[in-house]
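Participant: I'd like to ask you about the structure that follows.
Bear in mind that the values in this text are calculations on the coordinates, not laboratory data. Predicted, not measured: the structure shown is a model, and the values here were computed from it. Here the Cβ positions follow ideal geometry from the backbone for every residue, glycine too, while neighbour counts run over all protein chains shown.
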Amino acid sequence: MNNIINDRSLITTNNAANLLFISTVGPPSQAWDPDPYVKTWLGKGRRAPHSTSGMARQKPKEDNYCEPLWKAFK
């Protein structure tokens with residue numbers, strides 16, 4: 001239980017119970033094949049986690065409205 005629930009986790013009691021059940025009764029994680037789920041995820045147009053095309057990955061444009069003023073002080 002300490003591996004699933006820690007001081008920082010914001011997990012509900014129901015989700016904690018489900019995760020505990022899976023970890024004790026479920027098959028080992030080595031037996032799970034994630035490939036079909038990943039293909040479905042990407043097939044729906046969602047992006048991969050290493051993609052650089054998302055909004056959060058893009059650098060915001062710098063607003064240089066003070067640049068003429070800075071040049072005047074040089």
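Participant: With θ taken as phi - 60° and the coefficients 6.51, -1.76 and 1.60, list the Karplus ³J(HN,Hα) couplings across segment 17-33 in order, rounded to whole Hz; mark glycine and proline as x.
Facilitator: 5, 5, 5, 5, 4, 4, 5, 9, 9, x, x, x, 5, 5, 7, 8, 9
Participant: Residue separation times 0.36 nm, minus the C-alpha to C-alpha distance between I5 and A31: what's the value? Walk me through the numbers before you get to the answer.
Facilitator: On the way: separation 26, 0.36 × 26 = 9.36 nm, distance 2.36 nm.
Fully extending the segment from I5 to A31 adds 7.0 nm.
Participant: Using all alpha carbons of segment 1-46, what is the percent of pairwise distances in each 10 Å bin, ordered from the shortest bin to the longest?
Facilitator: Result returned by the calculation: 22, 33, 37, 8.
Participant: Next up: Given a Förster distance of 35 angstrom, what is the FRET efficiency for K39 paired with L19, based on the Cβ-Cβ distance and rounded to 0.05?
Facilitator: Working: r = 25 Å, r/R0 = 0.71.
Approximately 0.90, to the nearest 0.05.
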